[in-house]
Amino acid sequence: MRVSVKWMERHQVALYVAGLALGLAVGLAVPELAHPAELAIHPVLAVLLYTTFLGIPLSRLGQAFTNWRFLGTLTVLNFVIVPAIVWLLSRIVADDQVLLVGVLFVLLTPCIDYVIVFSGLAGGDEERLLAAAPLLMLAQMLLLPLYLWLFVGAEFVRSVEFWPFAEAFALIIVLPLIAAALTQIFATRSRLGQRAESAAMGAMVPLMVLTLAVVVTSQVAAVGQQLSSLLLAAPVYAIFVVIMVPAGILAGRAAGLDVPGIRAVAFSGVTRNSLVVLPLVLALPPAYDLAPLVVVLQTLIELVAMVVLVELIPRIVPVEV
């Protein structure tokens, strides 16, 4: 078991690329699997987050809530700097309101789920990101309508239903967190609990591969069918990643954060809440039927970027010696 886990950790980036490739191949070869795969996204993601939370000493989580410098840096980066950058980048698709709406929905909402996993894989601070998740979720629920009102208009905002935010937060964050806390308590009192905890944590890499494969399988066929209509949004997402990596690193350094904190801030700036905002976009009026695929395209581009950044960010932000 130890040898296999160490081998997977050593080759995790190659395994993630294989997961992306598997999802691409299956999704294109058997498009009928898209809907079942889509239904599996949140359960698979919840299990992945459960294993991630198991690796975090939840008894110390309260200390992370008091790190106001880190929380303040995340808030300024995601809700001041990012909206300014998104507004500028959205001018590329401003002539097409459907593309504009999809781009704004996904880029204005910071990720609160698998950012914790990817950041941890790159040596970022998982505890502080987990502590920041409720703040980021609440802030985006309150501020997204404001940004949409400023960038699109009040009439459009009235057509949006925002309840899926709370539903996704409960399923993806709260339930896995409670389950992980109970598992940790059980592990302190039982050898069986310790074995269960160890086995679950050892499944991190396979679960990430499965998550990547499921997400890509669920979306790639639909994106492929409408690719010509979506192409203008692709450079927006790619440029966003290229801008936000140095922006997040500079913000972390300006705030005087340590190396794990800087890496975590960089990942938070790049990763967006696509899997959570997708139900909101699906509930838009029929005129915006293409908007969900605009969001999905960002997911596919971001997943590739995440696999690269797991390897790249530790080199850009090395451990201080």
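The values are calculated or read from the model by the stated rules, or taken from the named source; none is laboratory data. Because the structure is predicted, anything quoted here is derived from the model rather than measured. All Cβ positions, glycine included, derive from the backbone under ideal geometry; neighbour counts span all protein chains shown. Please note that ligands, DNA and RNA were not included when accessible areas were found on the heavy atoms of the full protein model with its side chains. Shrake-Rupley method; radii C 1.70, N 1.55, O 1.52, S 1.80 Å.
Restricting segment 186-213 to residues that are open to solvent by 30 Å² or more (accessible area, probe 1.4 Å) and of a type in the set (Val, Ile, Thr) leaves a set whose member that is nearest to Ile56 (Cα to Cα) is Thr188. The helices (runs of 4 or more DSSP H) found wholly in segment 166-275 and carrying at least 3 residues that are more than 29 Å from Arg91 (Cα to Cα) and among the charged types (D, E, K, R) occupy 191-202. Taking the criterion of being open to solvent by 10 Å² or more (accessible area, probe 1.4 Å) and in contact (Cβ under 8 Å) with a residue 12 or more places away in the chain, the residues of segment 263-285 that qualify are Arg263, Leu275, Leu278, Pro279, Ala283, Leu284, Pro285.
When Ser159 is tested against (1) outside any helix (DSSP H, G or I); (2) under 27 Å from Leu212 (Cβ atoms); (3) of a type in the set (Gly, Ala, Ser), exactly one condition is not met: (2).
Within segment 299-312, not a single residue is over 18 Å from the mean Cα position of the chain (by Cα) and surrounded by fewer than 24 Cβ atoms within 10 Å (Cβ to Cβ).
Quick check on this structure: which one of Ile172, Ile178 is more than 15 Å from Leu108 (Cβ to Cβ) and over 19 Å from the mean Cα position of the chain (by Cα)? Walk me through how you get there before you give the answer.
Working: Ile172 fails: over 19 Å from the mean Cα position of the chain (by Cα).
Just one listed residue meets the conditions, Ile178.
Taking the condition at pLDDT 85 or above and among the basic types (Lys, Arg), does Arg2 pass? Spelling it out, it is not the case that Arg2 is at pLDDT 85 or above and among the basic types (Lys, Arg).
Taking Val106, is it part of a helix (DSSP H, G or I), open to solvent by 40 Å² or more (accessible area, probe 1.4 Å) and not polar (S, T, N, Q)?
On the way: part of a helix (DSSP H, G or I): yes; open to solvent by 40 Å² or more (accessible area, probe 1.4 Å): no; not polar (S, T, N, Q): yes.
When the stated conditions are applied, Val106 does not pass them.
Of the set (1) over 16 Å from the mean Cα position of the chain (by Cα); (2) within 29 Å of Ala166 (Cβ to Cβ), all apply to Gly27 but (2).
Looking at the structure I just gave you, is Val98 over 20 Å from the mean Cα position of the chain (by Cα) and outside any helix (DSSP H, G or I)? It would help to see each step written out before you state the result.
Working: over 20 Å from the mean Cα position of the chain (by Cα): yes; outside any helix (DSSP H, G or I): no.
So Val98 fails the test.
Scanning segment 66-96 for residues that are surrounded by fewer than 16 Cβ atoms within 10 Å (Cβ to Cβ) and modelled with pLDDT under 85 turns up just one, Thr66. Being of a type outside the set (D, E, K, R), over 17 Å from Val86 (Cβ atoms), open to solvent by 10 Å² or more (accessible area, probe 1.4 Å) and modelled with pLDDT of 95 or more is a property that Ala254 has.
Give segment 214-234 a look and list any residue that's under 25 Å from Ala14 (Cα atoms) and either more than 15 Å from the chain's Cα centre (by Cα) or surrounded by fewer than 18 Cβ atoms within 10 Å (Cβ to Cβ) (or both), or say none.
Thr217, Ser218, Gln219, Val220, Ala221, Val223, Gly224, Ala234
Each residue in segment 270-288 was checked for being out of contact with any strand residue (DSSP E or B) (no Cβ under 8 Å at 6 or more places or on another chain) and within 17 Å of Leu300 (Cα to Cα), and 8 of them qualify.
Scanning segment 303-321 for residues that are assigned to a helix (DSSP H, G or I) and under 27 Å from Gly256 (Cα atoms) gives Ala305, Met306, Val307, Val308, Leu309, Val310, Glu311, Leu312, Ile313, Pro314, Arg315, Ile316.
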